[in-house]
Amino acid sequence: MCSPRDSGLSLAAVRMMTRSRSGGPGAAPRRGGEEAAPLQRREAAAEGKKSPSLAKHQRKTQKLKVAYEAPGHEKGESHKALEALGWEPRDWRQQLENIRTMRSGKDAPVDWLGVEHCHDPSAPPKVQRYQVLLSLMLSSQTKDQVTAGAMQRLRARGLTVDSILQTDDATLGSLIYPVGFWRSKVKYIKQTSAILQQRYGGDIPASVAELVALPGVGPKMAHLAMAVAWGIVSGIAPPPPAVDTHVHRIANRLRWTRTMTTSPEKTRAALEEWLPRELWGEINGLLVGFGQQTCLPVRPRCGACLNRSLCPAARSPEPLTPAPAP
């Protein structure tokens, strides 16, 4: 059935036709104001005699809203929401290119001591993946140099799932000391190794969900394990803690987060909201080395930084540093 709009009739014309028909064949035309009141009373009486179903239908019809008119449209809220979807930091592409230039030498500690360099490249793939996971577990609250030293001592004794399970707790503790929280890590390493032997045949799981279910493995470790061990980029995955600190600090100094973030995990989530996915695998190592050599936690070398004219922190009296993670 065509609507009034489809038929070319105006809404006023439709109403006039409806009223004239409802008056019946003998209805007299309206003339002057003296007949207006009786006609309105007759119409009101006719309205009162309508069936309940018709009245109910009209009530439902009155509740219909215009589909294309979003809530808050008059206030411009929908426009703001669209703008929010496309947010990205100012000058970030030039800032990133400058950091790449400064990191072109690949001579920062992370370039040869990072957890992705601590496994034995000549070992079978399954063993390499296990060693990557172990280095990540050791790296929490530990400097890269200390993690690398612990991994060297473990590898000298043959670092496999079986060898770890055959090593007593006291010996394992002496091998990984002085990594941060080494006593807890002895327990986590033993528990995780036992699970890997029983459920995964000595290999590590290939999903973030299964990795974080292992004792002593957090989300950031899981994301990096996916990238290094399995070659799957599942997120921006800084290994804790030093890398977390560098990425967290630099992203806030460059204003790569919409607001100042208070923890590395919040920084990671904020970056993933806008940073193109093809850069996720690169950004961690890039910022870590930059933080180790130039954008230092204390007394950053702004004078030697190519971003000194583009960095909000460098232009302020004192470079801003986000609050430390709890």
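The values are calculated or read from the model by the stated rules, or taken from the named source; none is laboratory data. Computed from a prediction, not measured in an experiment: that's the story for all the values here. Cβ atoms come from the backbone with ideal geometry, glycine included; neighbour counts cover every protein chain shown. We work out accessible area using only protein heavy atoms, side chains counted, and drop any ligands, DNA or RNA first. Shrake-Rupley method; radii C 1.70, N 1.55, O 1.52, S 1.80 Å.
Where helices (runs of 4 or more DSSP H) fall wholly inside region 224-326, the ranges with 2 or more residues that are buried (at least 20 other Cβ atoms within 10 Å of the Cβ) and at pLDDT 90 or above are 242-253, 264-272, 280-293.
Looking across GLN198, GLN191, one residue alone is of a type outside the set (Val, Ile, Thr) and closer than 27 Å to PRO264 by Cα. It is GLN191. Here is the figure for region 137-161: residues that are among the hydrophobic types (A, V, I, L, M, F, W, C), part of a helix (DSSP H, G or I) and under 17 Å from THR192 (Cα atoms) total 5. Pairs linking a residue in region 296-313 that is within 15 Å of MET102 (Cα to Cα) to a residue that is small (Gly, Ala, Ser) and open to solvent by less than 30 Å² (accessible area, probe 1.4 Å), with Cβ atoms under 7 Å and 6 or more positions apart or on different chains, do not occur. Within region 93-104, one or more residues are open to solvent by less than 50 Å² (accessible area, probe 1.4 Å) and of a type in the set (Lys, Arg). Looking at this structure, is GLY216 modelled with pLDDT of 95 or more, of a type outside the set (Val, Ile, Thr) and in a loop (DSSP other than H, G, I, E, B)? Judged against the criteria, GLY216 is a match. When the residues of region 191-214 are filtered to those that are under 24 Å from VAL146 (Cα atoms) and surrounded by fewer than 17 Cβ atoms within 10 Å (Cβ to Cβ), the one that is farthest from the chain's Cα centre (by Cα) is GLN191. Just one residue in the set SER193, SER104 is in contact (Cβ under 8 Å) with a residue 24 or more places away in the chain and among the polar types (S, T, N, Q); that residue is SER193.
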